[in-house]
1. Cα axis of helix B:141-151 to longest principal axis of chain B: angle in degrees, 0 to 90, nearest 10?
2. Return the Rg/Rh ratio of region B:84-192 with Cα-based radii and a Kirkwood Rh.
3. Pairs of Cα atoms under 8 Å, at least six residues apart: use those to get the relative contact order of chain A, whole percent.
4. Determine the shielding of peptide B:93-99 by partner chains: average, over its residues, the number of Cβ atoms on other chains within 10 angstrom of each Cβ.
5. Assuming R0 = 45 Å, what is the FRET efficiency of residue A:213 and residue B:125, from their Cβ-Cβ distance, to the nearest 0.05?
6. Can you order the peptides A:63-70, A:74-81 by their average number of other Cβ atoms within 10 Å per residue, highest first?
7. Return the average number of partner chain Cβ atoms within 10 angstrom of each residue Cβ along peptide A:227-234.
8. Please compute the Cα-Cα pair-distance distribution of region A:229-274 with 10 Å bins starting at 0, giving whole percents from short to long.
C-alpha cells in the first residue's frame with residue numbers, strides 16, 4: 001500500500017509537469033515590468049518569436065527594481081526594464097552584457113476630471129507637481145522602487161518638493177504595481193503618474209483622465225540586457241542572445257510600432273539597428 | 001452593483017464557454033494544491049499523531065508551535081522558499097524557482113502545520129477515549145498509531161480539507177515563488193490578482209466565483225464519498 005502511494009507520488013512528480021508540455025521546449029526567463037506586461041505587448045509580440053525560433057519566453061512581471069534584483073541573483077536570463085540609469089549601472093557592475101534600446105513611450109499624469117489642482121493642459125511637469133502639492137489633493141505613488149516610482153521621485157526632486165515628509169498626508173505610497181496604484185487613485189480621486197500603455201489598457205478608470213502630458217522629461221525608454229553568463233554559468237546565453245537580437249531586429253521593431261491599444265500606438269520602436 | 005452583475009456574467013461565460021485558458025489555469029491550480037496536500041498529509045498526519053501519542057521532552061512546545069504555525073503568513077513562506085530556491089540561495093543549483101514545483105514546496109510548508117495540528121487534536125481525543133481498551137490488548141502508542149489514524153479517518157478528512165482550502169485560496173506564496181508566469185505558473189489566485197491590477201474588476205470577481213465554485217464542488221464530493229463510506233463501514 002505504502003509502496004503504491006510512493007510510486008504514485010513519483011509518477012505525479014515526473015509526469016504531471018511534463019504534461020504541461022512547456023517543460024520540454026527550450027525556454028528563457030525574462031525579468032520585466034508590470035507596465036509592459038499589463039499593456040498586453042508581450043501577448044502580442046512573443047508568439048511571433050516563439051513560432052520563429054521554437055523558444056518559449058517566460059515573462060516575470062515585477063517592478064524594475066525587483067526585476068534587476070532577480071537578474072542580479074541569476075534567476076532570469078534577460079532583463080527588459082525602463083530605468084536607463086539603473087540599467088547602465090547593472091551593466092557597469094558586470095551583471096549584464098550590454099544594454100540595447102528597444103522602444104519608448106511616455107509617462108502621463110492622470111487625475112480626477114474635476115481637477116482641484118487645476119493642472120489640466122499644463123506642459124511643464126514641475127509646475128503641475130507644484131500645484132498638486134500646494135492644493136493638497138491626494139497623489140498616489142507606486143512607492144515600490146519600480147522604474148515608474150524612480151521616475152516619479154526624480155520629477156518631484158526637480159520640482160523642488162520633498163514628498164517624503166508628506167507621506168501619509170496628501171502623498172500616498174501604495175507600495176504596489178501600476179494597476180493597483182491606479183485602482184487606488186480611481187477609488188480616492190487622486191492624481192497619479194503612470195506610463196501611457198498601462199493607462200490605455202486600464203479598465204477601471206472611474207472619474208480619472210489624462211491631465212498632463214508632453215513634457216520631454218516624461219520620456220520613458222525601455223532597454224534590454226542579456227544577463228552576464230560569466231557571472232552565472234547557468235544563464236541561457238545563446239537563447240537569451242537570440243531573443244535580444246530578435247527584439248532589436250527590424251521585423252520585431254516593426255511589430256512593436258504596429259501594436260495598438262484601442263487604436264492608439266502604445267510603444268515606439270527605438271533600436272539603433274532599425 | 002454593475003460590477004457584481006458583470007462579474008456573474010463573466011463567471012458564467014467563463015464556465016459555460018469552457019475557456020481553454022481558464023481550464024489550463026484551473027488544472028494547474030488543482031495540480032499544485034492537491035500535490036501539496038498529498039505531501040503535507042504524508043508528513044502532517046503521522047507527525048500530528050506522534051505528538052499526540054508519545055510523551056517526550058519539549059512536547060508542549062511542539063504542540064504550541066504547531067498550533068501557532070497554522071497561521072503562517074503565506075508571503076513569509078513564499079519569501080523563505082524564494083530565498084532558498086534562488087540561484088543565489090543554497091538550493092539554487094536545482095533551478096526550481098518560478099516553476100510549479102517551487103509552488104508545491106511553498107504550499108506544502110504552508111499547510112503541513114495545519115494538518116499536523118488538527119491531526120494531533122483528533123488523535124489525542126481518540127487516545128483519551130480508547131487508551132485503556134487498546135492497552136488491555138497490549139497495544140502501546142506505537143501500535144495504536146495506525147489504528148487510531150484509521151479510526152479517526154473521517155475527522156482527519158476535515159483536517160486535510162482545511163489544508164486544501166488554505167492552499168487553493170492563498171496568493172502570497174505562489175505569487176512570489178511562481179512569478180505568475182503565463183501558461184507556466186499562473187494559478188487561479190494569481191490570475192485574479194493580475195486582473196485586479198489591470199483594473200478588470202468584473203473579470204477578477206468572475207474568476208473568484210469560479211474558484212469558490214471549485215472549492216464547493218471538491219468539498220461536496222468529499223462529503224458524499226465520506227457519507228457513503230460511513231454508511232458502509234460505520
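Quick note: the coordinates plus some simple rules give every number you see, no bench work behind them. Keep in mind that this is a model prediction, so the values were computed, not measured. Backbone-built Cβ (ideal geometry, glycine too); neighbour counts: all protein chains shown.
1. Roughly 50 degrees between the two axes.
2. 1.18
3. This gives 27 percent for chain A.
4. Per-residue shielding by partner chains comes out at 3.
5. Using R0 = 45 Å, I get an efficiency of 0.10.
6. A:74-81, A:63-70
7. Mean partner shielding for this stretch: 1.
8. 26, 36, 25, 12, 1
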